[in-house]
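Here is the structure we will look at.
The values are calculated or read from the model by the stated rules, or taken from the named source; none is laboratory data. These numbers were taken from a predicted model, which means no experiment stands behind them. Please note: Cβ atoms are built from the backbone with ideal geometry, for glycine as well, and neighbour counts cover all protein chains shown.
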Amino acid sequence: MIIEFKPEASVNRVFVDGTEVTDAIRSSQVTANVSRVAAIGEVRQAMVAQQRRMGESGGVLMDGRDIGTVVFPNAQLKIFLTASVEERALRRYKELVAKGQQVDLAQLQEDIASRDKQDSERAISPLRQAEDALLLDTSDMNIEQVTARILQLVEERAQ
């Protein structure tokens, strides 16, 4: 299995073995099951191998729940990006509504809190901040502010 990303305008299209899965991987069905699947050792091993392949030449920005602790423990810069459950649910709600989907904000909050708990407590690659990661709480930031802050941190680290 080969996972590829193809940037296009403001969208990073995702392909698995040549088939586009950009929208499919963001579906409610996938989101509801991702924690259980990610807890399977063989799946996690395969994903870590794919992620390392994608970043082997350097110069990448990657996010995920174990990127700084497992996938790239020696990364030049690690940022533990977080936001309140309420803010993350609101962001996801707006994203799904913009795509024409009907969603319940309270249910999204419950789902996100549940996934955080599952991911933090799993035995394989749990969600946790790497000791050398910088904490960036984006609860009160818009996307432009988050981007500017990350770029600032990258520039500071490059000096």
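When Q76, Q51, Q109, Q101 are checked against the criterion of being within 17 Å of A39 (Cβ to Cβ) and out of contact with any Gly (no Cβ under 6 Å at 6 or more places or on another chain), Q51 stands alone in meeting it.
Among strands (runs of 3 or more DSSP E) entirely within segment 1-114, having at least 2 residues that are free of Cβ contacts under 8 Å to residues at least 12 places away in the same chain and surrounded by 14 or more Cβ atoms within 10 Å (Cβ to Cβ) singles out 11-16. F72 meets the conditions (1) modelled with pLDDT under 90; (2) under 16 Å from the mean Cα position of the chain (by Cα) in every case but one. The failed one is (1). Summed over segment 133-159, the residues that are outside any helix (DSSP H, G or I) and in contact (Cβ under 8 Å) with a residue 60 or more places away in the chain give a count of 1.
Could you please let me know if A123 is modelled with pLDDT under 90 and either over 17 Å from Q29 (Cα atoms) or not in a helix (DSSP H, G or I) (or both)? Yes: the conditions hold for A123.
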